[in-house]
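The values are calculated or read from the model by the stated rules, or taken from the named source; none is laboratory data. Small disclaimer: the values here were computed from a predicted structure and weren't measured. FYI the Cβ positions are ideal-geometry reconstructions off the backbone, even for glycines, and counts take in every protein chain you see.
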Amino acid sequence: MRCPLCGNLEDKVLESRETDESNVIRRRRECQKCEGRFTSYERIEEIPLNVVKRDGTREQFDVNKITKGVVRACEKRPVASDTIEALVDEVQRVIRREGKKEIPTAWIGDLVMERLQKIDQIAYVRYASVYRNFTDVTQFLKEIRDLAPVKSSS
């Protein structure tokens, strides 16, 4: 690491600490020549990720789009913002863990729906209606029937 004060390349690390998000390490350093102190930040370089849309077009992955969709589906529902944040974080981790450069939007949507169904069924149906592009009420009814537990006749 080059000292920003004198340009020397030799320094010692005084302290290392992860940031709150745990994706950046902050290091306090001291130059071996001028004894000046400075801070450096180390972060993992993420692989650029593209999503392949239904029409075949590609665009850069944007986690904010997932967040907006889930927030919209959970509007006026008893779903805490921490729960939404955890869902989005988990989906993003699964996507990144794949290690691929391109991910189909259908796969991302399925990941979101799978998790949303466990959290709030109304939010799930709302999300599914947009994601699956419901065109009439029969599609809503089918989705709701699939959610409803099967009653046994005794």
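Within the stretch 120-134, residues that are in the same structural domain as residue 83 (by TED's automatic domain parsing) and in contact (Cβ under 8 Å) with a residue 12 or more places away in the chain reach partners that are part of a loop (DSSP other than H, G, I, E, B) and of a type in the set (A, V, I, L, M) with beta carbons closer than 9 Å, at six or more positions or on different chains, in the pairs 120/79; 123/79. Please go through the stretch 45-68 and pick out each residue that is free of Cβ contacts under 8 Å to residues at least 12 places away in the same chain and not in a loop (DSSP other than H, G, I, E, B). Matches in the stretch 45-68: 59, 64, 65, 68. For the residues 40, 22, the requirement of being modelled with pLDDT of 90 or more and either assigned to a strand (DSSP E or B) or loosely packed, with under 11 Cβ neighbours inside 10 Å (or both) singles out 40.
Only a single item in (1) assigned to a loop (DSSP other than H, G, I, E, B); (2) under 30 Å from residue 113 (Cβ atoms); (3) not small (Gly, Ala, Ser) is not met by residue 9, and it is number (2).
In the stretch 115-154, the qualifying residues are those that are hydroxyl-bearing (Ser, Thr, Tyr) and part of a helix (DSSP H, G or I), and the one that is modelled with the lowest pLDDT is 131.
Just give me the residues in the stretch 43-57 being exposed (fewer than 13 other Cβ atoms within 10 Å of the Cβ) and of a type outside the set (S, T, N, Q), in sequence order. Passing the criteria: 43, 44, 45, 46, 47, 48, 53, 54, 55, 56. Is it the case, given these coordinates, that residue 73 is small (Gly, Ala, Ser) and loosely packed, with under 14 Cβ neighbours inside 10 Å? No; evaluated as a whole, the condition is false for this residue.
Exposed (fewer than 10 other Cβ atoms within 10 Å of the Cβ), outside any loop (DSSP other than H, G, I, E, B) and not assigned by TED's automatic domain parsing to the domain that holds residue 129, is that true of residue 17? Considered against the rule, which asks whether it is exposed (fewer than 10 other Cβ atoms within 10 Å of the Cβ), outside any loop (DSSP other than H, G, I, E, B) and not assigned by TED's automatic domain parsing to the domain that holds residue 129, residue 17 comes out as yes.
Rundown of residues vs (1) assigned to a helix (DSSP H, G or I); (2) free of Cβ contacts under 8 Å to residues at least 40 places away in the same chain, yes/no style:
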{"residue": "70", "(1), (2)": "yes, no"}
{"residue": "79", "(1), (2)": "no, no"}
{"residue": "82", "(1), (2)": "yes, yes"}
{"residue": "86", "(1), (2)": "yes, yes"}
{"residue": "103", "(1), (2)": "no, no"}
{"residue": "113", "(1), (2)": "yes, yes"}
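Any residue at all in the stretch 93-100 that's in the same structural domain as residue 143 (by TED's automatic domain parsing) and within 26 Å of residue 146 (Cα to Cα)? Yes, because at least one residue in the stretch 93-100 is in the same structural domain as residue 143 (by TED's automatic domain parsing) and within 26 Å of residue 146 (Cα to Cα). Condition test on residue 66, is it of a type outside the set (Gly, Ala, Ser), touching a helix residue (DSSP H, G or I) at 6+ places or on another chain (Cβ under 6 Å) and surrounded by 11 or more Cβ atoms within 10 Å (Cβ to Cβ)? Judged against the criteria, residue 66 is a match.
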